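Worksheet: one structure, shown below.
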Amino acid sequence: MFSNSRYRRRLFTGAVSILATGLLAVGLASCGGSGSNGGAATLTLSPSSIKLTAGGSGQQASLLLTAPGSTGAVTATVSGLPTGVSISPATLSLTPGTALPVTLTAGASAATSTAALSFSTTIGGQAASTQGSLSVQAAAADFSLSVKPASVSLPSNGTASTVSVLATAVNGFSASVSVAISGLPSGVTAQPSSLTLTPGTAATLSLTAAAGTAAESGTVTLTGTSGALTHSATLAISVVAPPPAQADFSLAVNPQSLNLTIGAAGQPVQLSATALDGFSGTVSVAVSGLPAGMTAIQAPLTLTPGT
């Protein structure tokens, strides 16, 4: 009886030990299975709210795929883009754990709108998706400023050069633009000293380097302002020595008008040539435009400057 009872206790103890060991093994096997299967895949858009301006430079965002236990690249799709809005890159290739930079851009023709974006992909048999909001606003009215040509060479003898300054309307801009001029080299003047532009209509700016101005180069800045809007354009200026004077002459007639009587004696006219910048040649003078019946004696003529 006693020995039989002890045998039963041993059997019971052994059974409990076997059962406990089995439960422990099963529990460990279950924990290991969870680690190898990984967690749920997730897809995140950052920022989730995107604001674009039609015709603007676009906004950057990023897509991040998290998929424990998965390493291969997958392709995501996007839906909900309004007409005129694009995303770059066009193929959204995602690698788990690595953020993909994307740029969303609204073209100039994109209409003002709001939209819900949806990005989705599948990895390891699991679907992952994320949503975001997108808004497109119209571009603000603005202007651009330009000057042509972009560079001028000014001789230091007072000879003027001209440039054309133009304000161009952007997105319906219609106000006037005030232009200030700065950075003129010493001895160089601008006429007029400031401009008021109507978009689409060019204005002429005259630049002059006074005689004796030192040779130098510089950059002139033209700054256009309209309300809170400001844009600028630059003009390269080079002041150079004037070219050597070319020998020349001038011709004068005295008197400059005559009253003649038909049939009466003629009247004398004096012609003189004046040398300029070392001119030393002779001057041949031809007469043209005489009325019918009128003659000029001693024509053509040959003059020596100064006599």
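Computed from the coordinates by the stated procedures, all read-outs in this text should not be read as laboratory data. Note that the structure is predicted; figures quoted are calculated from it, not measured. Note that we place each Cβ from the backbone using ideal geometry, even for glycine, and neighbour counts take in every protein chain shown.
With each pseudo-label sitting 7 Å past Cα toward Cβ, what's the Ala108-Ala241 distance in nm, one decimal? My value for the distance between the label points is 4.9 nm. The simple Förster model, with R0 at 22 Å and r as the Cβ-Cβ distance, assigns Leu271 and Ala292 a FRET efficiency of 0.45. DSSP beta bridges confined to the chain are antiparallel in about 90 percent of cases. As a calculated quantity, the FRET efficiency between Thr77 and Glu216 at R0 = 45 Å, using C-beta atoms, amounts to about 0.15. Evaluated at q = 0.11, 0.12 Å⁻¹, a Debye calculation over the C-alpha positions of the range 67-199 (equal weights, vacuum) places log10 I(q)/I(0) at -0.66, -0.70.
The listed peptides 288-295, 162-169, 92-99, 108-115, ordered by packing as a protection proxy, come out as 162-169, 92-99, 108-115, 288-295 (highest mean of other Cβ atoms within 10 Å first). Legend: Rg and Dmax of the chain, from Cα coordinates, 45.5, 182 Å. Evaluating 6.51 cos²θ - 1.76 cosθ + 1.60 at θ = phi - 60° for every residue in the range 91-105, the Karplus couplings come out as 9, 8, 8, 10, 10, x, x, 10, 6, 9, x, 10, 10, 9, 9 Hz, glycine and proline recorded as x. Over the range 142-240, the ratio between the Cα radius of gyration and 2.2 N^0.38 Å evaluates to 1.10. Using 0.36 nm per residue and subtracting the Cα-Cα separation, the extra length available between Thr189 and Ala252 on full extension is 19.3 nm. Computed 3J(HN,Hα) for the range 237-250, one whole-Hz value per residue from the Karplus formula 6.51 cos²θ - 1.76 cosθ + 1.60 where θ = phi - 60°, is 10, 10, 9, 10, 5, x, x, x, 5, 9, 4, 8, 8, 10, glycine and proline marked x. Helices in the chain, meaning DSSP H runs of at least 4 residues, each add -39500 (n - 2.57). Divided by all residues, the mean residue ellipticity at 222 nm is -4500 deg cm²/dmol.
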